[in-house]
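Participant: This is the structure I have questions about; it appears just below.
The values are calculated or read from the model by the stated rules, or taken from the named source; none is laboratory data. In this text the structure is predicted, and so the values were computed from the model without any measurement. Cβ coordinates were reconstructed from backbone atoms using ideal geometry, including for glycine residues, and neighbour counts include every protein chain displayed.
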Amino acid sequence: MYFLVDCTNVVTAVASPIAYPTTSPYLANAFCIWRIELAANTRVKTVIDPVDIEASTTPYNDFLLMFDGPTCTSPILSRIAGSTVQTVVASGNNTSFMFISNGATEMTGFTATASEGIIQPFSVYVVTYVPSIYHVLLIIRVL
C-alpha cells in the first residue's frame, strides 16, 4: 500500500526547488507527484542535485520518474535512483515527476531545481560543398 504524502505540488516559478523530503529520511511507501509549468515557448531544464534515493535497477525499489509533459502519462524522460546528479531537459514548458518508495530502505531524498531554456530558431550552416551534394550542419540551441 502506498501513501500520498504531503508533496503534491505545481511549481510555476523558475529556481523554485522541489525538495523531498523536507526532513530526512523520506517516508516508506510514499507516492508523490509534482508538475513544473514555465512560460510558453521555453523548455524546462531540471537539475537533480543532491540526489540520494535507494540505488536499484529493479522497478520494485525507490525511484523518481521524470516525464516530458504535464502528466505522469507523458513520455518518460528519466528514471532516477542512487546518487548520480542529473540534468534533464524537457521538450516543452511542462515536466512532471513521480516519486515512489517501498518499505525496505529510506534515504535522504532529492532536490530538483528548474530553469527556463529558450527555444531558439534553427541555425543552418553549409559545411562543405561537393558538386550536387551539400553537407549541412543543423544546430538547435537551448539556452
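Participant: Can you pull out the strands (runs of 3 or more DSSP E) entirely within region 44-111 that have at least 3 residues that are within 19 Å of THR12 (Cβ to Cβ)?
Facilitator: Counting at least 3 such residues, we get 94-100.
Participant: Specify which of the listed residues (ILE18, ILE48) is among the hydrophobic types (A, V, I, L, M, F, W, C), farther than 15 Å from SER101 by Cβ, at pLDDT below 90 and out of contact with any Asp or Glu (no Cβ under 8 Å at 6 or more places or on another chain).
Facilitator: Answer to the check: ILE18.
Participant: Would you say VAL127 is β-branched (Val, Ile, Thr), part of a strand (DSSP E or B) and at pLDDT below 55?
Facilitator: yes
Participant: Hey, among PHE63, PHE67, PHE97, which residue is in contact with a strand residue (DSSP E or B) (Cβ under 9 Å, 6 or more places away or on another chain), surrounded by 17 or more Cβ atoms within 10 Å (Cβ to Cβ) and either more than 17 Å from LYS45 (Cα to Cα) or free of Cβ contacts under 8 Å to residues at least 12 places away in the same chain (or both)?
Facilitator: PHE63
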